[in-house]
Amino acid sequence: MTTLRSGDAMAVVVPEEGAVAASLLVHGVSVLAVTDRTAAPAEPHDAPTDEDAWVRAWRGGWQLCLPYAGSAPDAGPFHGRASQTPWTVESHGESSVVLVWEGDGLRVRREWRLAGDRLTAQTTAENVGARPVPFAPAEHLVLGDELLARRPDASSGADSGARVAELTTDPRTLVAVLDDAAAPAGGPIAWPGDPAARWDAVDEGVARLAVLTPPGGVEASVVVRGARAVAEVRWDAAALPHAVLWQEVGATPTPPWDGRIRALGIEPTMVAHGGGPVVGGLPELAPGAVARWSCSLTIDGEVSA
């Protein structure tokens, strides 16, 4: 494991398991999703081939799904081989680490940099093979327990429907519901979506998926206002023109969540779904081609009740 520090902020990166940023502590708030494996010793392993195995190996946090997110045909790696297999540390300073990964015809270089209240991932991927590679990476960035803490003034306490966070984004953004396989389940409509099921709120007991399509531009962002802090996810919309929005707040009683996971995924990606090659429609990275993008998470202090 590799620890990054900047001021009072600290991040832990696990090169052995997909170079995941397993935890991020800023202003005394641990903002990323946690699982039973968050604090476990690093354990290099092969790429899981199905969602259940991937989730049971997942230690929470923020990692890169590459070369795609979602399921692959013929028992290919779920969420892409790079998401759970070891990366190599190229260099490491007090507040940054550079890692590389090679596989599936790709060479990938990723830098994690912690600067005060902001954690940034900058990534370069090159097709070093002789054939095109299906290529639709996703930043699997999942906020969690402490950011989604129940508000002190919530009259319903832990009851289903209690508000735990609010989201804002560019009002020109489109939102489309995804099914359980992260495939499109309807056409896009204007943010925040259906008035009866608005996507600008995160409530206790909710489990649902959608995809956001921001207006064309260089950057996009989503701001999450929780009980203890405000988080902003900002990314290169030119490279990653969509973002999967995943809400799972103690809602699913069956394995692997067992009613315990509290997660808000804001996951910038290239395609308007999270289903991977099984859903189809993935772009390709041509031989010799290079893709570059960045994504950042900024935490803006403590929020009064």
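The values are calculated or read from the model by the stated rules, or taken from the named source; none is laboratory data. Note that the structure is a prediction, hence the values are computed from the model and not measured. Glycine gets a Cβ as well: all are built from the backbone with ideal geometry, and neighbour counts include every protein chain shown. Accessible surface is based on the protein model in full, side chains and every heavy atom, while ligands, DNA and RNA are left aside. Shrake-Rupley method; radii C 1.70, N 1.55, O 1.52, S 1.80 Å.
So, in nm, how far is label residue 43 from label residue 290 when the simple model puts each one 7 Å beyond its Cα toward the Cβ?
Using points 7 Å along Cα→Cβ, the separation is 3.8 nm.
Which GluC sites (Glu not before Pro) in region 78-139 sit in a loop by DSSP (not H, G, I, E or B) and have at most 12 other Cβ atoms within 10 Å of their own Cβ? Could you put the intermediate results ahead of the total?
Details: sites: 90, 94, 102, 111, 126, 139; in loops: 94.
For GluC sites (Glu not before Pro) across region 78-139 that sit outside H, G, I, E and B with at most 12 neighbouring Cβ atoms in 10 Å, the list reads 94.
Pop out the Kirkwood hydrodynamic radius of region 1-125 from its pairwise C-alpha distances, inverse of mean 1/r, in Å to one decimal. Spell out each step's value before the answer.
Values: mean 1/r = 0.0684 Å⁻¹.
So the Kirkwood estimate lands at 14.6 Å.
Using alpha-carbon pairs under 8 Å, 6+ residues apart, how would you state the relative contact order of region 174-281 in percent? Working shown, then result.
Details: 208 pairs, mean separation 28.2, N = 108.
Relative contact order comes out at 26 percent.
Which of 99, 23, 253 sits closest to the plus end of the dipole of the chain, meaning its Cα is farthest towards the positive end, when Lys and Arg get +1 and Asp and Glu get -1 on the C-beta?
99
With every protein chain left in place and a probe of 1.4 Å, what is the accessible surface of residue 209, to the nearest 10 Å²?
Approximately 40 Å² for this residue.
Report, in debye and to the nearest 20, how large the dipole of the chain comes out about its Cα centre when Lys and Arg carry +1 and Asp and Glu carry -1 on their Cβ. Kindly include the intermediate steps, with their values, before the conclusion.
Details: 23 positive and 39 negative charges, 80 e Å.
Charge dipole of the chain: 380 debye, to the nearest 20.
Got a sec? What order do 64, 282 fall in by accessible area at 1.4 Å, biggest, i.e. largest, first?
On the way: 64 0, 282 40 Å².
My answer, sorted largest first, is 282, 64.
Using the Kirkwood radius over C-alpha pairs as Rh, can you work out the diffusion coefficient of the chain via Stokes-Einstein at 4 °C, viscosity 1.567 mPa s, in µm² per second?
Values: Rh = 19.2 Å.
Rounded, D is 67 µm²/s.
Could you work out how far apart the two model spin labels at residue 238 and residue 56 are, taking each label as a point 7 Å from the Cα in the direction of the beta carbon, and quote it in nm?
4.4
By how many nm would the segment from residue 179 to residue 27 grow when fully extended, if each residue of separation counts as 0.36 nm and the alpha-carbon distance is taken off?
On the way: separation 152, 0.36 × 152 = 54.72 nm, distance 3.59 nm.
Length difference between fully extended and current span is 51.1 nm.
Taking Cα pairs under 8 Å and at least six residues apart, what relative contact order does the chain come out at, in percent?
Values: 860 pairs, mean separation 59.4, N = 305.
After rounding, I find 19 percent.
Tell me, what is the 1.4 Å probe accessible area of residue 10, in Å² to the nearest 10?
Rounded to the nearest 10, the figure is 60 Å².
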